[in-house]
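A.B. asks: This structure is in structure tokens; I'll ask about it shortly.
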Amino acid sequence: APSMQPWRSPGKPQPLFSLPAPRWPVECEVIQETIEHIEWVPPEPEPFCPPMGPEQAPDTLSEEQGTVVYHSRPVLQGSCFTCARVGGAPGPLSSPAAPLKSPQDTTLLFESRFESGNLQKVIKVGPYEYVLTLRPDLYTAKHTQWFYFRVQNTRREPLYRFTIANMAKPRSLYGQGLRPLLYSQQDARSHGIGWRRVGTDVRYYRGSAGEPPEFRLSWTVRFPHDSDTCFFAACYPYTYSDLQRYLRALVADPVRSRYCTVQALCRSLAGNTVHLLTITGPGSTAGKRVVVASARVHPSESGSSWAMRGFLDFLLSAHTDAQLLRRLFIFKVVPMLNPDGVVVGNSRCSLAGRDPNRAYRMALPSSFPGVWHLRAMVQRMLAEREVVLYCDFHGHSRKNNVFMYGCDGGGDSAGTRLRQRVFPLMLSKNAPDKFSFASCKFQVQKSKEGTGRVSMWRLGVSHSYTLEVAFSGSTLGGRSSHFSVEDLESLGRLLCDTLLDFCDPTPAKVGSDLARGALVLQGCGDTGAILQLQQCLVEADALLQQQMDHEPGSGISWSDVSPSELES
């Protein structure tokens, strides 16, 4: 059963609560060093790399053709999770990296046995060229996408090439200009520079000819310093310990903690806490409706954690809109649904060896505790009060920009289907240089029935969405550049802005049946919000008329349009 005891009561003096170190499966070796990175925003947007186009797959490189310079102990395929402990595997650590032969040896020293790290094997195939193999998600043989590893013994002058040989997806944003991230400890200490986009000649192409096929990501790079310690990552890392530090600061803040409690929704399979935040204004909660948000069910989608942090920062701020949101709603927030997957550096799965975002329909608390308890909590909320919105924060590896997936039922009326589209359309107006309404989809596919979005909708949450944040960046508003951490955090604030715009109490002011049908939430808005909503509805109506070959203002209504026509 979930532990629902808050670590503190709102409005009382705030003691620091204990945040234990992450628990790891006992098969995992973990180095003792603490890995932390400074936060930094580049002074200018970082442009996409010019796409290089497909590359012919080189001859398959074997260990005999190169030298294995790193090989961490793999978890045997076919095994399953048994137990966990702080610090992972007991006993002395192995030495997966090949030792340097002399001070003149230029071989890079690799390491990934730290929180959220992922790298299993490295073969040196040239003086400055390395072929890398990622570790599959624990207790599976697939889902190789996330990488995060350390290199030492760098040289400044040479051009290095890195090739990850076992990427799983046939399409990737690396083929459209996405570049890897680099972090230099020397630059962080001396110049305050954090994660930045690097890489030239970035290519993504099919590698092996076998089944299932594997794909290769290759890039070249020059390191900024000799003898530096650097890190590479697929996206800005946000670890379970990062979240723990954020929550510790939150609980220690005498102002923010007045309207936020931190609880344990449940424990993960490894015994890590799945945190639940309850945010609302002081006083009675009678009549307040609920907004539910969650993130990081997929460990590799770390951008969703940064967007979630921006969401929380704004909700807990002194901004007048944040105060209004706290007065109107109770926010239930689960910022990291799959902490075990985040800790071990998985791409998609939990320690059950399966995707928890396909398990909502049949999840058992013993196998998928996070999603089971989240669904149970929403069921309890629905029995007591209205849940007006559910939003699950994700990352996307194949499409640029930010967009949403919603829920249309096959038997829904045209008005209901319109209402599903209003919130994303309004968000696109608030974030025109980031959010693409054209990329949003609303069909409920059979394969997505086990997702959080569809499950919450089936329970009765009328506005249930997946927020997808590209691993890359934006092609909108004249941009063609990567998202920074600042961009990702701004999405949380923009989501809050849109929620206020959406919850307007005076639909009659808009003056049409179409608008009155769309304004299903009650709240406290302003004339600007009404005008923005009216603009969105007029735009949607004009698009409908155009698609149906009718002149604007011809009088056709949404009720005259079939669901199939509306979808097109």
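A.B. asks: Give me the dipole magnitude in Debye, nearest 20, for segment 241-506 about the Cα centre, with unit charges on the beta carbon: positive for Lys and Arg, negative for Asp and Glu.
C.D. replies: 560 debye
A.B. asks: How long is the gain from ASN430 to ARG85 if the chain were fully straight, where each residue apart is worth 0.36 nm and the alpha carbon distance is subtracted?
C.D. replies: Additional length available on full extension: 119.7 nm.
A.B. asks: Can you spot the lysines whose alpha carbon is less than 27 Å from LYS101's alpha carbon? Ignore those fewer than 8 places along the same chain.
C.D. replies: Result set, ordered by chain and number: LYS121, LYS124.
A.B. asks: Roll a 1.4 angstrom probe over the protein heavy atoms and tell me the percent of accessible area of segment 241-506 that is carbon or sulfur.
C.D. replies: With neighbouring chains kept in place, the figure for segment 241-506 is 49 percent.
A.B. asks: For a quick protection proxy, order the peptides 399-409, 372-382 by their average other-Cβ count within 10 Å, most packed first.
C.D. replies: 399-409, 372-382
A.B. asks: Work through the residues other than ARG150 whose Cβ is under 13 Å from its Cβ and net out their charges, Lys, Arg +1 and Asp, Glu -1.
C.D. replies: Residues close to ARG150 contribute a combined charge of -4.
A.B. asks: Something else now. Once a ≥ b ≥ c are taken as the square roots of the eigenvalues of the Cα gyration tensor of segment 241-506, is the result rounded (a/c under 1.5), prolate (a/b larger than b/c) or oblate (a/b not larger than b/c)?
C.D. replies: It comes out rounded by the Cα gyration axes.
A.B. asks: What full-extension length gain, to one decimal in nm, is calculated for ILE38 and VAL255 as 0.36 nm per residue of separation minus the Cα-Cα distance?
C.D. replies: 75.6 nm
A.B. asks: While we're here: Going through the cross-link list LYS399/LYS434; LYS142/LYS446; LYS142/LYS441; LYS288/LYS332, which pairs have a Cα-Cα distance over 21 Å in this structure?
C.D. replies: Check vs 21 Å cut-off fails for LYS142/LYS446; LYS142/LYS441.
A.B. asks: Would you kindly give the portion of the calculated P(r) for segment 109-226 that falls above 16 Å, as a percent of all Cα pairs?
C.D. replies: Cα-Cα pairs of segment 109-226 separated by over 16 Å account for 64 percent.
A.B. asks: What number comes out for the charge environment of ARG309, summing +1 per Lys or Arg and -1 per Asp or Glu over other residues with Cβ under 15 Å away?
C.D. replies: Combined, the nearby Lys, Arg, Asp and Glu give -3.
A.B. asks: Go through segment 134-150 residue by residue and turn each phi into a ³J(HN,Hα) via Karplus (6.51, -1.76, 1.60, θ = phi - 60°); whole Hz please, and just put x for glycine and proline.
C.D. replies: Values, residue by residue: 7, 7, x, 3, 4, 6, 9, 10, 8, 6, 9, 9, 7, 9, 6, 8, 10 Hz.
A.B. asks: OK, next. Using θ = phi - 60° and the Karplus form 6.51 cos²θ - 1.76 cosθ + 1.60, what ³J(HN,Hα) does each residue of segment 40-49 get, whole Hz, x for Gly and Pro?
C.D. replies: In residue order, the calculated couplings are 7, 10, x, x, 10, x, 8, x, 5, 6 Hz.
A.B. asks: Also, quick follow-up: State, as an integer percentage, the relative contact order of segment 241-506 based on alpha-carbon contacts under 8 Å between residues 6 or more apart.
C.D. replies: Relative contact order comes out at 23 percent.
A.B. asks: Moving to a separate point now. Can you give me the long-range amide H partners of SER481? Hydrogens built in the peptide plane at 1.01 Å from N, cutoff under 5 Å, separation of 5 or more residues or another chain.
C.D. replies: Excluding prolines and chain starts, which carry no amide H, the hits are PHE48, SER474.
A.B. asks: Tell me the per residue accessible area of segment 241-506 using a 1.4 Å probe; a whole number in Å² is fine.
C.D. replies: Per residue, segment 241-506 has an accessible area of 30 Å².
A.B. asks: So, counting K/R as plus one and D/E as minus one, what does the shell of residues with Cβ under 12 Å around GLU386 add up to?
C.D. replies: +2
A.B. asks: Moving on. Expressed as a whole percentage, what fraction of the accessible surface of segment 20-174 belongs to carbon and sulfur atoms when a 1.4 Å probe is rolled over the protein heavy atoms?
C.D. replies: Carbon and sulfur together cover 55 percent of it.
The values are calculated or read from the model by the stated rules, or taken from the named source; none is laboratory data. Quick caveat: nothing in here was measured; it's all calculated off a predicted structure. Counting neighbours? That spans all protein chains shown, and the Cβs are built from the backbone with ideal geometry, glycine included. What goes into the accessible areas is simple: the full protein's heavy atoms, side chains included, and nothing from ligands, DNA or RNA. Shrake-Rupley method; radii C 1.70, N 1.55, O 1.52, S 1.80 Å.
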